[in-house]
Amino acid sequence: MNIFNQVFDDIKRNRIRLAFVYTLSIVEPIGIGYLYAYLKKFFPDISIELFDPRIDSLESIRDYSPHFVLYSTMSGQYMDDVKRNKKLKQVLKPFISVFGGAHPTYFPEMINDEAVDMICRGEGEEPLKNLVEAAANHSDIRNIEGFWINYNGSLYKNGLAPLNDNLDDLPFPERDIFYKKSHHLRRYTRISIYPARGCTFNCSYCHNGGFKTLLRGRGKIYRYRSPKSIVDEVVALQSARKINFIEFSADIFPGIKIDWMKEFAERYAPVKIPFNVSLRAEFVKPETAKLLRKCGCASASMAIENGNYEYRKKYLYRNMTNDKLVESIKILESEGIRVASPTMIGLPFTEFSTDLDTLKLTCTANSTYANPTIFQPYPGVPLTDMCLEHDLIDKYYVKRYHEHAASSAHIKGVDYDKVMRLRNSFTTLKFLKKWFDIDIDVWFYKLPKSILIKLINTGLNYIYFNKIYSYKRGFLGRMRELYIALITGAYGVTIRKLRMNW
Ligand code: B12
C-alpha cells in the first residue's frame, strides 16, 4: 500500500492530526499562524500542533504521530528541513510531508528530493483547506490547485490557486501556538502584523517579481486590508499581551494610498503603539509622512539597494533616480521618522566601485540605519536567471544555501574579500564621512582590515538599529533580544550552530 493510502486509511478511523515543524526565532512565522487559523476556522475539530526541533523531543512528535507533517521553508533552511523530514520518515508512522513557503514556491523541483511528498506553491490557506477536506472525505487529492504531488512515484503538477482578493476575510493569524512554545517569543514585545500582501513593482531580485509571473492573469497581486481590520487585530492582541512596538511587515505599506492613509491615521491614533512600515521612494510625499508621524510611525524601511542609477535601472528594475531616493529619505527623517535604507553589495555585473557608489549615496541620504547585505541569488527571480544565463553562478546553487546567508555567496567576478571588508566597515565609513567629510574612495583602503573595525562597525550598527526599533524594553530586554537574534540567525548571522534535538 502506498503511503497516501496508509495515511488515509488511518484517517478513516482517527481524527486528522497535522504537525508544523519549525524552528522558532524572534519573528513569529506568520505564514504558519495564518494557515493554522484558517484550518481551525473550517475544521475546529482537527488537531494541529507545532513542533520545534530545538525545543521538542523526537519522542513527542513520534507519540503525536501526525498524518501530515508541514514545513514552511525558505531557501536557506530547505536543505535542513529535507534532512529532518527524511529522519522523521524513518522513525514516525507513515505520514505525508508537505513543504510550503518561499522555497518550494520558486523552486518546485524540490519535489524530487527524497521523502518530499507534496509541495505548495504560493499562498496556502485554500490549498491546505482543500487538502484536509479531501483527506477527511477520503477523496482524491491529486488535482488540488496549489500542490505538486509525488503520488506513489507519479508526479502531479497542479497550477497555483487563485489569490484571496479580500484579505479582511482571513481570520487573524494564530500566535498562541508560538508563545506557548517559546519563552523568548512570549516575552518579546515587538510583534509583526501583515497589512498587505504582494507588491506593485517588479524588482529583479525580489520574490514579488517572480510571484507575478507565476500568477499572471489570476487576479490582483497587491492586496491590502482595511484600516479597520488592522486596528481590530492590534486591539485584540493588545488585550491579550503587552505590545511595545509593531512592525507592519508588508513589502509595501498600504499608506502609499492617501485616502487609505487618512483613514488609518485616524483609526490607529488612539492605539498609541509606535510602529515601523516599509515604503517605496516614489510614494513618499510630505503629506504621507505627516500622517504617518501623527499616528505614531517611528521608523520606515525604504530601500536604496544600489547607489548607481544606471545599474539600478538596467539590472535591478528600479527606475527611481538618486535624487528621488535622497529626497524621500529626507522627507521622512525631517518628520522625525527614522529611516533604515537597506542596500545590497556584491551584486552581479558590477565592479567594486559600484558598491562604493552605494555607500556614497547612503551618506548623501543620511538615513539613520544602513547596513548592507551581500546579494544572494534566490530561485525564481529575474536577476538569478540573468546570473544563470551568463554563467555567473553554478547551476546547482540552490543546494549550496545554508543558514549563514553571507557566506554562501558565490557570484563569479565578485571580489568577496573587498565586499566583506566593505560590509564590515560600511557604517563606520558612513559616520566618518558625516563627521569628518572623508573621501570614501581613499578611506575604504585606509581603514585597516581588522577585528577592531569590525567590532566598531557592529557596535554602531547595533546602536542605530535600536534607533529604528526604539521602544521600551530595558537593558536586559535589549540584551535578550540581541542574544536570541544571534543564536537563531534571525538576521542571517548565527554566532553558533543551534543545538537541535532531532
Ligand atoms: C518576515 C520575513 C522574514 C522574517 C521571518 C520569516 C518567517 N519565517 O516568517 C526574518 C526576519 C527572520 C527573515 C529572515 C530572512 N529572510 Co525573510 N522574509 C520575510 C517576509 C518579509 C515576510 C514573510 C511572511 O511572513 N509573509 C506573510 C505570510 C502570510 O506569507 P508566507 O510566509 O509566504 O506564507 C504563505 C505561503 O508561503 C504559504 N506557506 C508558507 N508556509 C507553508 C507551509 C505549508 C505546509 C503550506 C501548505 C503553505 C505554506 O502559505 C502562507 C499563507 O498564505 C518575506 C517576504 C514576503 N512578503 O513574504 C521575506 C522572505 C521570505 N525572506 C527572504 C530572505 C532571503 C530572508 C533572509 C535570507 C534574509 C537575509 N539575507 O538575512 C533571512 C533568512 C534567515 C534564516 N534564518 O533563514 C526571501 C526568501 C527567498 C527564498 N527563496 O528563500 C523573502 C521571500 C524575501 C525576498 N528577498 O524576496 N525573513
Inset, instruction - Only residues that are closer than 20 Å to Leu185 by Cα and touching a strand residue (DSSP E or B) at 6+ places or on another chain (Cβ under 8 Å): list them for the range 443-467, please. - result: Phe465
Inset, instruction - Scan the range 200-211 for residues that are buried (at least 17 other Cβ atoms within 10 Å of the Cβ) and either hydroxyl-bearing (Ser, Thr, Tyr) or under 16 Å from Asn164 (Cβ atoms) (or both) and jot them down. - result: Ser204, Tyr205, Phe211
Inset, instruction - Any chance you could count how many residues in the range 54-87 are among the hydrophobic types (A, V, I, L, M, F, W, C) and more than 14 Å from the ligand (Cβ to nearest atom)? - result: 3
Inset, instruction - May I ask you to verify whether Lys430 is in contact with a helix residue (DSSP H, G or I) (Cβ under 7 Å, 6 or more places away or on another chain), assigned to a loop (DSSP other than H, G, I, E, B), away from the ligand (no atom under 14 Å from the Cβ) and in the same structural domain as Tyr317 (by TED's automatic domain parsing)? - result: no
Legend entry - Any pair with Cβ under 8 angstrom, 6 or more apart, that starts in the range 75-93 at a residue that is over 24 Å from Thr105 (Cβ atoms) and without any contact (Cβ under 8 Å) to a residue 60 or more places away in the chain and ends at one that is surrounded by fewer than 19 Cβ atoms within 10 Å (Cβ to Cβ) and of a type in the set (A, V, I, L, M, F, W, C): Val91/Leu58
Inset, instruction - Please work out which one of (1) in contact with a helix residue (DSSP H, G or I) (Cβ under 6 Å, 6 or more places away or on another chain); (2) within 26 Å of Val398 (Cα to Cα); (3) in a loop (DSSP other than H, G, I, E, B) is the condition Pro173 fails and give its number. - result: (2)
Inset, instruction - Please verify whether the range 100-113 includes one or more residues that are assigned to a loop (DSSP other than H, G, I, E, B) and without any contact (Cβ under 8 Å) to a residue 24 or more places away in the chain. - result: no
Legend entry - Criterion violated by Lys180 - all others in (1) away from the ligand (no atom under 12 Å from the Cβ); (2) not in a helix (DSSP H, G or I) satisfied: (2)
Legend entry - Test: residue in the range 46-53 that is touching a Phe, Trp or Tyr at 6+ places or on another chain (Cβ under 9 Å), away from the ligand (no atom under 14 Å from the Cβ) and closer than 19 Å to Gln6 by Cα: yes
Inset, instruction - Of the numbered conditions (1) surrounded by 20 or more Cβ atoms within 10 Å (Cβ to Cβ); (2) touching a residue at least 40 places away in the same chain (Cβ under 8 Å); (3) part of a helix (DSSP H, G or I), Ser229 fails exactly one; give the number of that condition. - result: (1)
Inset, instruction - Would you be able to say whether some residue in the range 124-135 is more than 11 Å from the ligand (Cβ to nearest atom) and either outside any helix (DSSP H, G or I) or closer than 29 Å to Asp385 by Cβ (or both)? - result: no
Inset, instruction - Evaluate the range 400-421: report whether one residue or more is of a type in the set (Lys, Arg), out of contact with any helix residue (DSSP H, G or I) (no Cβ under 7 Å at 6 or more places or on another chain) and within 13 Å of the ligand (Cβ to nearest atom). - result: no
Inset, instruction - Quickly run through the range 312-365 and pick out the residues that are farther than 18 Å from Ala300 by Cα, acidic (Asp, Glu) and either part of a helix (DSSP H, G or I) or not assigned by TED's automatic domain parsing to the domain that holds Asn461 (or both). - result: Asp323, Asp355, Asp357
Inset, instruction - Quickly run through the range 238-247 and pick out the residues that are surrounded by 18 or more Cβ atoms within 10 Å (Cβ to Cβ) and either touching a Pro at 6+ places or on another chain (Cβ under 6 Å) or part of a helix (DSSP H, G or I) (or both). - result: Phe245
Legend entry - Candidates Ala300, Ala250, filtered to the one that is under 23 Å from Phe465 (Cα atoms) and assigned to a loop (DSSP other than H, G, I, E, B): Ala250
Legend entry - Single unsatisfied condition, Asp385 versus (1) of a type in the set (D, E, K, R); (2) at pLDDT below 90; (3) not assigned by TED's automatic domain parsing to the domain that holds Arg318: (2)
Legend entry - Hey, Thr458 surrounded by fewer than 16 Cβ atoms within 10 Å (Cβ to Cβ), assigned to a helix (DSSP H, G or I) and of a type in the set (Ser, Thr, Tyr) or not: yes
Inset, instruction - Tell me, yes or no, whether the range 187-194 has at least one residue that is assigned by TED's automatic domain parsing to the domain that holds Glu305, among the aromatic types (Phe, Trp, Tyr), out of contact with any helix residue (DSSP H, G or I) (no Cβ under 7 Å at 6 or more places or on another chain) and within 11 Å of the ligand (Cβ to nearest atom). - result: no
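The values are calculated or read from the model by the stated rules, or taken from the named source; none is laboratory data. Since the structure is predicted, the reported quantities are computational estimates derived from the model, not experimental observations. Reconstructed Cβ throughout: ideal geometry from the backbone, glycine too, with neighbour counts over all protein chains shown.
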